[in-house]
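The values are calculated or read from the model by the stated rules, or taken from the named source; none is laboratory data. What you see is a predicted model, and the numbers here were worked out from it, not measured in a lab. Cβ atoms come from the backbone with ideal geometry, glycine included; neighbour counts cover every protein chain shown. We work out accessible area using only protein heavy atoms, side chains counted, and drop any ligands, DNA or RNA first. Shrake-Rupley method; radii C 1.70, N 1.55, O 1.52, S 1.80 Å.
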Amino acid sequence: MPSLPDVATPDVVTLAERAAAAQSHDPHVADVALKPAFFDWLCRMGDNSLILGHRISEWCGHGPVLEEDIALANTALDLIGHTQMWLGLAAEVEGAGRSADDLAFLRDAMKFRNLKLVELPNGDMAVTLMREFLFDAFHFELLTALTKSSSPRVAEIAAKALKEVSYHLERSSDLVVRLGDGTEESHTRMQAALNKVWGYTGEMFAADAVDAAVAEAGIAPALSDLLPLWQRTVGEVLDEATLSQPEQRFDAHSGGKKGRHTEHLGYILAEMQFLQRAYPGASW
Amino acid sequence: MSAVLPSTQQVWDWLGEVPDPEIPVVSVTELGIVREVRWDGQTLVVAVTPTYSGCPATSVIDLMIETQLREKGITDLRLERRLSPPWTTDWVTEAARDKLRAYGIAPPVDGTASDGLMAGRAARLSGRSNLVIACPRCGSSHTERVSQYGSTPCKASYRCRDCLEPFDYFKCH
């Protein structure tokens, strides 16, 4: 039976050995000096997954065709799964008795650390898919680099998430090509979507003191190292999709990573957090 | 003096009776998600790894494992979640693959997980993927992928062009 020629399978044996060697011992988790930056960075990881996952889940029951509805719901589910791991570790690092759920449901907008890109409204399928593709291409490279993190806890979450994000990127890039290089209508919409979200993509690569601290500790890669990788994937896929990269700056909008958000985040939180705010501690 | 504790092999056998809640023809051990069974003093420790990160069956599986072991008389029990090494469909046993096929689900083809960059290349090659998934009903290899995503996170949707039946493919992970 033929199989695909160049499929990358994570090196599970090495990962297992490393995890076993460091079982329950991660030097960074108890590093007091690093704690504020590590916590903030973990919140960025978790919040990107949480907010994008929530946004994508809004399509559930509203997808244009059944298969896309299911694919979007599955993607959202994966992202919420990643959120539990990232925010779970964030809560552990913080060591203040908060849980992943506390971080997700009881922080206000200014405490959220997600990129502005992921909180943008869904728009039509073109905006949803283009935003997802541009994020997936970044997410994929980031997680790939994180599997080599000096933090075994970070590396194991990344290895797990990368398997799923590989499918996300495959799907979103495939659809960007098919719709970009599709009918006149779909092409027009995809180009409009690209123009709309392009200015929000630069924030993914804008490093600040938090990024520098975790990079210095070997926990995360330098964001500038990811940029050429992202540009290559994005360039190839957009070319294939017959779409043109906008000439406007890609870093026109930023601030989300520092808690300065668009007005859209508040509406997301109002919906997502309502139950816990109205009925504290409610569970089923 | 402590009571004689069941052997870990006995525990593995008990766990072999716990079905996957979504695909009840295979057990949690056949799926490869039980990663370790050991005694920590008088406490039985069972390490379980999730299939997909967001799989909603994870907590149900934990509950079913706990229920089964308590019914077998285990009172001191701890379930551990183990992320590393991440679960792979390579761990699905041969016996389980036959059961999946008989149940109407095409088993995973190992080594064909997405690497995330396939689509760009596939588009250039204009043939998408050359992966052939045989129809679990009629055995035909004349099948087509409807969607990389299916009824649960671990499945993709396919259709057989010969017998015309839709079917699930347990995709490589």
### Query
When only alpha-carbon atoms count, how far does region A:29-278 stretch along each of its three principal axes, as whole angstroms with the largest first?
56, 43, 31
### Task
Indicate the gyration tensor shape class of region B:12-88 (rounded, prolate or oblate), computed on the Cα atoms with a ≥ b ≥ c the square roots of the eigenvalues: a/c under 1.5 is rounded; otherwise a/b larger than b/c is prolate and the rest oblate.
oblate
### Task
Enter the buried accessible area of the B/A pair, total of both sides, probe 1.4 Å, in Å² rounded to the nearest 100.
3900 Å²
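Below 8 Å, C-alpha to C-alpha, sequence gap of six or more: please give me the relative contact order for chain B in percent. Before the final figure, lay out each step's value.
Numbers: 271 pairs, mean separation 30.6, N = 173.
Result for chain B is 18 percent.
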### Message
Students often get this wrong, so check it: of A:116/A:163; A:148/A:257; B:99/B:171, which have C-alpha atoms separated by over 18 Å?
### Response
A:116/A:163; A:148/A:257
### Where labels lie 7 Å past Cα in the beta-carbon direction, separation of residue B:10 and residue A:65 in nm
5.5 nm
### Per-residue HN-Hα couplings for region A:183-193 [Karplus 6.51, -1.76, 1.60; θ = phi - 60°; Hz; x = Gly/Pro]
7, 4, 5, 5, 4, 4, 5, 5, 5, 5, 5
### Summary
Charge dipole of the protein assembly as shown built from unit charges on the beta carbon (Lys, Arg +1; Asp, Glu -1), centred at mean Cα; most positive-end Cα among A:166, A:54, B:173 is A:54
### Query
Percent of accessible area on region A:29-278 owned by carbon and sulfur, 1.4 Å probe?
55 percent
### Summary
Under the helix-only model (-39500 (n - 2.57) for each DSSP H run of 4 or more, divided by the residues of the protein assembly as shown), the mean residue ellipticity at 222 nm, to 500 deg cm²/dmol, is -15500 deg cm²/dmol
### Query
Using a 1.4 Å probe on protein heavy atoms, which residues of region B:25-60 have at least 20 Å² less accessible area in the complex than alone?
B:52, B:53, B:54
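What number comes out for accessible area per residue over region A:54-185 if the probe is 1.4 Å? Units Å², please. Working shown, then result.
Numbers: 4220 Å² over 132 residues.
About 32 Å² of surface per residue is accessible.
Explain nothing, just the number: dipole magnitude of the protein assembly as shown about its Cα centre with +1 on each Lys and Arg Cβ and -1 on each Asp and Glu Cβ, in debye rounded to the nearest 20.
Values: 43 positive and 62 negative charges, 43 e Å.
Magnitude of the dipole: close to 200 debye.
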### Query
Using modelled backbone amide H atoms (1.01 Å from N, in-plane), which distant-in-sequence or interchain residues come within less than 5 Å of residue B:44's amide H?
B:76, B:77, B:78
### Query
So what are the radius of gyration and Dmax for the Cα set of the protein assembly as shown, in Å?
22.5, 80
## Note on the structure
Across A:170, A:119, A:156, the residue with the highest GNM fluctuation in chain A (Cα network, 10 Å cutoff) is A:170
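Between residue A:124 and residue B:90, what is the FRET efficiency for a Förster distance of 41 Å, r being their Cβ-Cβ separation, to the nearest 0.05?
On the way: r = 39 Å, r/R0 = 0.96.
Computed FRET efficiency for residue A:124 and residue B:90 comes out at 0.55.
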### Message
I need the GluC sites (Glu not before Pro) found in region B:1-70, filtered to DSSP loop residues with at most 15 other beta carbons within 10 Å of theirs.
### Response
B:17
## Note on the structure
When the charge dipole of region A:29-278 is computed with +1 on Lys and Arg Cβ and -1 on Asp and Glu Cβ about the Cα centre, the Cα farthest towards its positive end, among A:133, A:42, A:179, belongs to A:42
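Give me the number: length gained by fully extending residue A:188 to residue A:271, i.e. 0.36 nm times residue separation minus the C-alpha to C-alpha distance, one decimal in nm.
Working: separation 83, 0.36 × 83 = 29.88 nm, distance 3.20 nm.
Contour length minus the Cα-Cα distance gives 26.7 nm.
Given R₀ = 35 Å, FRET efficiency for residue B:60-residue A:110 by Cβ-Cβ distance, to 0.05?
Numbers: r = 37 Å, r/R0 = 1.05.
Plugging the Cβ-Cβ distance into 1/(1 + (r/R0)^6) gives 0.45.
Hey, can you find the accessible area per residue of region B:8-81 for me, probe 1.4 Å, expressed in square angstrom? Each step should come with its number before you reach the end.
Details: 3250 Å² over 74 residues.
Here the per-residue accessible area is 44 Å².
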### Task
Check each residue of region A:167-203 and keep those whose accessible area, probe 1.4 Å, is at least 30 Å² smaller with all protein chains in place than in the chain alone; give them in order of residue number.
A:167, A:170, A:174
### Task
Counting only C-alpha contacts under 8 Å and six or more residues apart, can you give the relative contact order of region A:29-278 as a whole percent?
25 percent
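In chain B, carbon and sulfur make up what percent of the accessible area (probe 1.4 Å)?
Numbers: 3880 of 7710 Å².
About 50 percent, which is the carbon plus sulfur part of the accessible surface.
So for chain B, Kirkwood radius off the Cα pairs, Stokes-Einstein at 20 °C and 1.002 mPa s: how many µm² s⁻¹?
On the way: Rh = 17.8 Å.
So the translational diffusion coefficient is about 121 µm²/s.
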